[in-house]
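Participant: One structure follows; several queries about it will come next.
The values are calculated or read from the model by the stated rules, or taken from the named source; none is laboratory data. All of these numbers come straight from a predicted model, not from anything done at the bench. Heads up, the Cβs are rebuilt from the backbone with ideal geometry, glycines too, and the neighbour counts pull from every protein chain shown.
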Amino acid sequence: MAPTALDRGPGRATDAEARAWIGRHDGRFGPWIAGSLRPGADTATICSPASGAELARLADASSADLAEARAAAAAAQPLWAALPGTVRARHLQDWAGEIAAREGCLAQLLALETGRPVRACRRWLSRDLAALRQTADSLLAGAADRPGSAPLGLVAPELEPGPSLGRIAPALAAGNAAILAPGPADGRLAMLCLADVAGTAGLPAGLLSVLPGAAEALSDLARPPIATLRGPCLHLVLEDADLDAAADAIAGLLGDPPPGTAGHWLLVQDSVAERLHARLAGRMARLIVGDPLDPATDLGPLPDAALRDRLSTALAETGGVTIQPLPRLPESGAFMAPALITGLAPAMPEVTTGLPGPVLLSMSFRTPAEAIRLANAIPPAPAASLWSETLATALDMATALEAGTVSVNGADLDPAPDPLELWQRPAGLAPARPEAAATGPAPAPSAALTAARKMQPGWAGRSAAERAAILTRAAKFIAERAAGPAERLARAAGTAATAHAPWAEAQGSATLTRHRPLGVIALLCPELCPAPCPAPCPAPLTEAALPLASILGPVLATGNGALVHPGAGTGTEARALIGALEASGMPKGLVGIVSGPRADLASGLAARVDLDALWCFGASDLPEDLPARAAASGKALWLSETGTPETWSGPGGAGDLFRIAAGRFRTLRLSWGA
């Protein structure tokens, strides 16, 4: 008997292409190295989270695989970096064409392994293809051929769920070789297929390697000096918002969260909280939970049953009110009905730790200012949606919100591709890794850090032109005594005054990319004087301050505060330079001088959660566990060789790269339309 109603979509999508690709490799996979797949000895089963059925067997990379991948990348990278940007662009365009031809296979592999709905996987691929093509266009425009800059070398981009081409493509375009270490959430089979496609497109063998399970072994490879944002996706709804549109978009994101996010956090104004919660409950009840290969599916399975059990326990023990509509769930698989928890307070465990999965944690606020305080009390969110029909209020809140991507009245929360400049370094300053033995916890200079953090928001709140004017006055003040440092300050001022935020329009929306300060940066300056230095330099300000001025100028021009550990014998120079800046109008305390053994100081600073970045020039005397300490506190870390005096005195683009590293790119998207 024919059905009388159609409550599903057009039926399950085929997975024939993915199954055929898996079959061509006999269902056994290992690392992808030097243009070929290496079958591993100890394989583990990859199962579908929707059915539990075996998809393939995969071997994690061994130490021998890691050594081979490093050697292949070291051989391929110099030849790749020597190619003109236009040639590299053609290779990336060919890669994009091959990915488009195999888009169906890649989407099916992602859906089968990760459990994400195939509709979301297709959107991921479309986004990443656009990022790859945009990167190739940037190469054609000469973005990677900057005087005074060089590739980082061999890099290990941190992956987001999905192909992550918005990060991988800029890394390759800048002239680097990349080793990827995908985990289960990234889609390991899809990443191996992506490397296979790269070989078909003609990318040099060894330029791109995929080593499943090798993330920890790659911690010594170069990365940009930026901290990756991790945390919940944030949603702010004001009383004048279109509640139906907000509820529809937020509920839809439960099954397709933005890359890098874990869980969802809702802030809604008191006056409309009950109405929004009712709309959300109704929309969540209509979500289709089921087979990720069904194009009608809104919400696929969780990665495993253990996460489902953990979330179920959290819902049972919450101090809030749980609203969990029960859409039809499949009989087998790690499926869970979406849930909304209301009546929460900032100190409750659910809010402080977060719940990864289709769970929406809701808190209320009275005023927009209170909403910003609540939102910014946690580490910056990777993505946030903001809903208000009053454009002035929405823009004011969006610019004050600490988040990677902010979408106003929309749900387009995908991150923008990395700028190519993030994957380059100043020529002469090669990436370095610490070599000294690990040290114990060490105290950090609290007084100087407190003063700099107190003054930094006011400094960042000044216009770029005003900050540039202060740096220009300081440059004129010291020009006769130290021409080199004066020129570096003036150059930083000129760049800051003329920098602009790119604006791109599309049908019904526009994207504004802003470069915002990191906050307070600790600078362990280069050691260019003989050690031990017999005495301070006799003049109060000489060319010995050139490295500090080269670094400090862009840091201040971007709106940051700083803690400075001067190089050996240059403490007098540093004090004179800071004094000239303060005499020219820089707030006193914005830049502080700290002292002590570099290794102990770096360890203490790396552990401080109220410090935003740590830059170390000359890393051979620093503890080996410094990257781990910085990562644990969510800190951007830059480790670089000292460089020669010519590095600081010669022409080049080092100042521009310091300025880019001293900020965080924030994407603001505005949506409109009837």
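Participant: Taking the conditions exactly as written (of a type in the set (S, T, Y), at pLDDT below 90 and buried (at least 19 other Cβ atoms within 10 Å of the Cβ)), does S36 satisfy them or not?
Facilitator: Working: of a type in the set (S, T, Y): yes; at pLDDT below 90: yes; buried (at least 19 other Cβ atoms within 10 Å of the Cβ): no.
It is false that S36 is of a type in the set (S, T, Y), at pLDDT below 90 and buried (at least 19 other Cβ atoms within 10 Å of the Cβ).
Participant: With the condition kept exactly as written, say whether any residue in the range 60-75 is surrounded by fewer than 23 Cβ atoms within 10 Å (Cβ to Cβ), within 30 Å of A130 (Cβ to Cβ) and out of contact with any Leu (no Cβ under 8 Å at 6 or more places or on another chain).
Facilitator: Taking every residue of the range 60-75 in turn, at least one turns out to be surrounded by fewer than 23 Cβ atoms within 10 Å (Cβ to Cβ), within 30 Å of A130 (Cβ to Cβ) and out of contact with any Leu (no Cβ under 8 Å at 6 or more places or on another chain).
Participant: Another question, if that's okay. Taking into account only those residues within the range 103-125 that are part of a helix (DSSP H, G or I) and among the small types (G, A, S), which is surrounded by the most Cβ atoms within 10 Å (Cβ to Cβ)?
Facilitator: Applying the filter and picking the extreme gives A111.
Participant: Would you mind finding the one in L165, L140, L154 that is over 17 Å from V197 (Cβ atoms) and either buried (at least 24 other Cβ atoms within 10 Å of the Cβ) or in contact with a strand residue (DSSP E or B) (Cβ under 7 Å, 6 or more places away or on another chain) (or both)?
Facilitator: Exactly one residue qualifies, and that residue is L154.
Participant: Mind checking whether some residue in the range 95-102 is without any contact (Cβ under 8 Å) to a residue 12 or more places away in the chain and either aliphatic (A, V, I, L, M) or not in a helix (DSSP H, G or I) (or both)?
Facilitator: Yes, that holds for at least one residue.
Participant: Still on this structure: Suppose the filter is under 26 Å from the mean Cα position of the chain (by Cα), among the acidic types (D, E) and farther than 21 Å from G655 by Cα; does D612 pass it?
Facilitator: no
Participant: Moving on to the next point. Taking only the range 126-137 into account, find how many residues are surrounded by fewer than 24 Cβ atoms within 10 Å (Cβ to Cβ) and of a type in the set (S, T, N, Q).
Facilitator: Adding up the residues that qualify gives 2.
Participant: Between a first residue in the range 29-45 that is under 14 Å from S63 (Cα atoms) and a second residue that is acidic (D, E), which pairs have beta carbons less than 6 Å apart while being 6 or more apart in sequence or on different chains?
Facilitator: The qualifying pairs are P31/D65; I33/E68.
Participant: Within the range 523-532, identify whether any single residue is modelled with pLDDT under 90 and among the aliphatic types (A, V, I, L, M), and answer yes or no.
Facilitator: yes
Participant: I'm told D145 meets every condition in (1) in contact (Cβ under 8 Å) with a residue 40 or more places away in the chain; (2) part of a helix (DSSP H, G or I); (3) out of contact with any strand residue (DSSP E or B) (no Cβ under 7 Å at 6 or more places or on another chain) except one. Can you identify the failing condition by its number?
Facilitator: (2)
Participant: Then there's this: I'd like to check something: does the range 649-658 contain any residue that is in contact with a Pro (Cβ under 7 Å, 6 or more places away or on another chain), assigned by TED's automatic domain parsing to the domain that holds A474 and of a type in the set (S, T, Y)?
Facilitator: No - not one qualifying residue is present in the range 649-658.
Participant: Do we have any residue at all in the range 386-396 that's over 28 Å from G618 (Cα atoms) and touching a Ser or Thr at 6+ places or on another chain (Cβ under 9 Å)? Walk me through how you get there before you give the answer.
Facilitator: Of the range 386-396, the ones over 28 Å from G618 (Cα atoms) are 386-396.
Going one step further and asking which of them are touching a Ser or Thr at 6+ places or on another chain (Cβ under 9 Å), we end up with 386, 394.
Yes: the range 386-396 contains one or more residues that are over 28 Å from G618 (Cα atoms) and touching a Ser or Thr at 6+ places or on another chain (Cβ under 9 Å).
Participant: Within the set of pairs 6 or more residues apart or between chains, which connect a residue that is closer than 19 Å to G569 by Cα and in the same structural domain as P379 (by TED's automatic domain parsing) inside the range 588-611 to a residue that is part of a loop (DSSP other than H, G, I, E, B) and not aliphatic (A, V, I, L, M) with Cβ atoms less than 9 Å apart?
Facilitator: From the range 588-611, no pairs qualify.
Participant: Which members of the range 395-405 meet the condition of being assigned to a strand (DSSP E or B) and touching a helix residue (DSSP H, G or I) at 6+ places or on another chain (Cβ under 6 Å)?
Facilitator: Matches in the range 395-405: none.
Participant: Follow-up question, since we're still on this one. Looking only at residues that are among the small types (G, A, S) and surrounded by fewer than 14 Cβ atoms within 10 Å (Cβ to Cβ) in the range 447-470, which one is farthest from E487 (Cα to Cα)?
Facilitator: Checked the range 447-470; the qualifying residue farthest from E487 (Cα to Cα) is A447.
Participant: I'd like the full set of residues that are under 18 Å from R308 (Cβ atoms) and either crowded, with 21+ Cβ neighbours inside 10 Å or outside the structural domain of L280 (by TED's automatic domain parsing) (or both), limited to the range 336-356.
Facilitator: Scanning the range 336-356 gives M336, P338, A339, L340, I341, L355.
Participant: Residue check: is L66 modelled with pLDDT of 90 or more and either in a loop (DSSP other than H, G, I, E, B) or in contact with a helix residue (DSSP H, G or I) (Cβ under 9 Å, 6 or more places away or on another chain) (or both)?
Facilitator: yes
Participant: Which residues, taken from the range 24-39, are part of a loop (DSSP other than H, G, I, E, B), touching a Leu at 6+ places or on another chain (Cβ under 8 Å) and under 24 Å from A74 (Cα atoms)?
Facilitator: Passing the criteria: G30, P31.
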